[in-house]
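Single-structure report; data block below.
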Amino acid sequence: MLSLILLTTLILFGCKRPHNLKYVEGVVTLDGKPVEAVSVSFLPVDSSKGLGAGGYTDANGKFKLTSLLGKGGDGTQAGKYSVIFVKLIPEREMTENEKQLVQTEPKRVPAIPMIDALPSKYRSPKTSGIEAEVTESGANVFHFDLSSR
């Protein structure tokens with residue numbers, strides 16, 4: 001399935017880097033505090049007027065967007081976007097036995113389920129309620145203050 005999506009994307013956009021990209025950066029906070037390791041995704045409201053892009057927050061909650069086919073921090077096209085946020089963390093810590101296996105036999109380490117540390121409403125463009133407009137000119141800097149409530 002992933003290879004089909006990639007192939008379709010390459011056919012639609014070619015192998016070249018997309019044109020007219022606008023640099024986009026921002027900060028994600030949760031209840032006013034910066035959140036590290038959040039996946040930030042910009043999904044075009046109208047696919048003919050935008051290009052999907054994403055990034056990850058650093059320890060200060062800062063992120064830079066990278067276009068679907070671009071290089072790190074290149075941004076995205078101007079347009080209106082739904083924005084979603086995901087922060088996956090392990091459901092539990094590794095046992096001592098699992099930590100040993102990582103060193104000796106990594107293929108034998110059982111998968112640890114992941115959970116989203118953010119409220120579930122932020123995972124979907126239908127429920128996040130957050131939109132952003134990337135403009136042709138001016139700064140495209142966004143501050144998203146998420147709520148744990």
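Which of the residues belonging to region 76-108 are touching a residue at least 12 places away in the same chain (Cβ under 8 Å) and more than 26 Å from the chain's Cα centre (by Cα)? Working first, answer last.
First, the residues of region 76-108 that are touching a residue at least 12 places away in the same chain (Cβ under 8 Å): 76-92, 94, 98.
The answer is 98, and nothing else.
If only residues of region 84-116 that are of a type in the set (D, E, K, R) and touching a Leu at 6+ places or on another chain (Cβ under 8 Å) are counted, the one that is modelled with the highest pLDDT is 87. Scanning region 28-49 for residues that are in contact (Cβ under 8 Å) with a residue 40 or more places away in the chain, surrounded by fewer than 20 Cβ atoms within 10 Å (Cβ to Cβ) and not in a strand (DSSP E or B) turns up 31, 32, 37, 45.
So in region 60-75, with the set limited to residues that are more than 13 Å from the chain's Cα centre (by Cα) and crowded, with 18+ Cβ neighbours inside 10 Å, which one is modelled with the lowest pLDDT? Quick ask: steps written out before the conclusion?
Within region 60-75, the first condition is being more than 13 Å from the chain's Cα centre (by Cα), and the residues that meet it are 60, 69-71, 74.
Remaining after also requiring crowded, with 18+ Cβ neighbours inside 10 Å: 69, 74.
Values: 69: 75, 74: 88.
Filtering first and then ranking leaves 69.
The values are calculated or read from the model by the stated rules, or taken from the named source; none is laboratory data. All figures in this text were calculated on a predicted structure; none of them were measured in a lab. Glycine also receives a Cβ, built like all others from the backbone with ideal geometry; neighbour counts cover every protein chain displayed.
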